[in-house]
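J.: Have a look at this one.
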């Protein structure tokens, strides 16, 4: 009986020591070490790839943002603020009102889904209307796919150079800038394929709009 109690006590004590050691190693030392390495070698990425403007964090280069006018009374969907470059649609985004969190995800609708077809049709019509300004006419065939469809996550921060260039005339007119100035801005903020062959050329909408704000302030 005494041997059984003694063996049980030793096993419990050994388990507690193992728990303590593993808690310190895995719960304290390892996270601190990884955090230290990340901060030392990948400081920007470890902190969320933050983007700053005027000394303040205005977003992340990994998360898309909307650029809308303040919603009017009774308006469910605010109108886009057309002086800014617009991102991809975010049909996959929703809001969990209980926790006040944004939920990301795809629409999960098939290509022949009537609701999705209506979204795309309406979005294309809006892109054509909004960007046909000052004698510059946008044709429906000019509208790239990313202008009317959301990404898989609904959070894509980038658009294609084609969609950015389609918006140049409208952005130039709204900000009293020349088309050449805004077109150069797009060129300067177009990133090529990763390592020269991975992915597609892209434009980060947030960094482009920050540069646009600075250019408009000078102008």
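The values are calculated or read from the model by the stated rules, or taken from the named source; none is laboratory data. For clarity, every value in this text was computed on a predicted model and none was experimentally measured. When we count neighbours, we look across all protein chains shown, and the Cβ atoms used for this are built from the backbone with ideal geometry, even at glycine.
J.: At pLDDT below 95, outside any strand (DSSP E or B) and touching a helix residue (DSSP H, G or I) at 6+ places or on another chain (Cβ under 6 Å), is that true of residue 146?
T.: Spelling it out, residue 146 is indeed at pLDDT below 95, outside any strand (DSSP E or B) and touching a helix residue (DSSP H, G or I) at 6+ places or on another chain (Cβ under 6 Å).
J.: Moving on to the next point. If you check residue 176 against the conditions, is it surrounded by fewer than 20 Cβ atoms within 10 Å (Cβ to Cβ) and more than 19 Å from the chain's Cα centre (by Cα)?
T.: So residue 176 passes the test.
J.: Could you look through segment 48-77, keep only residues that are closer than 21 Å to residue 153 by Cα and free of Cβ contacts under 8 Å to residues at least 24 places away in the same chain, and pick out the one that is surrounded by the fewest Cβ atoms within 10 Å (Cβ to Cβ)?
T.: Step by step, filter segment 48-77, then rank; the result is 77.
J.: Also, quick follow-up: Name the single residue, out of those in segment 187-214 being touching a helix residue (DSSP H, G or I) at 6+ places or on another chain (Cβ under 8 Å), without any contact (Cβ under 8 Å) to a residue 40 or more places away in the chain and assigned to a helix (DSSP H, G or I), that is surrounded by the most Cβ atoms within 10 Å (Cβ to Cβ).
T.: 211
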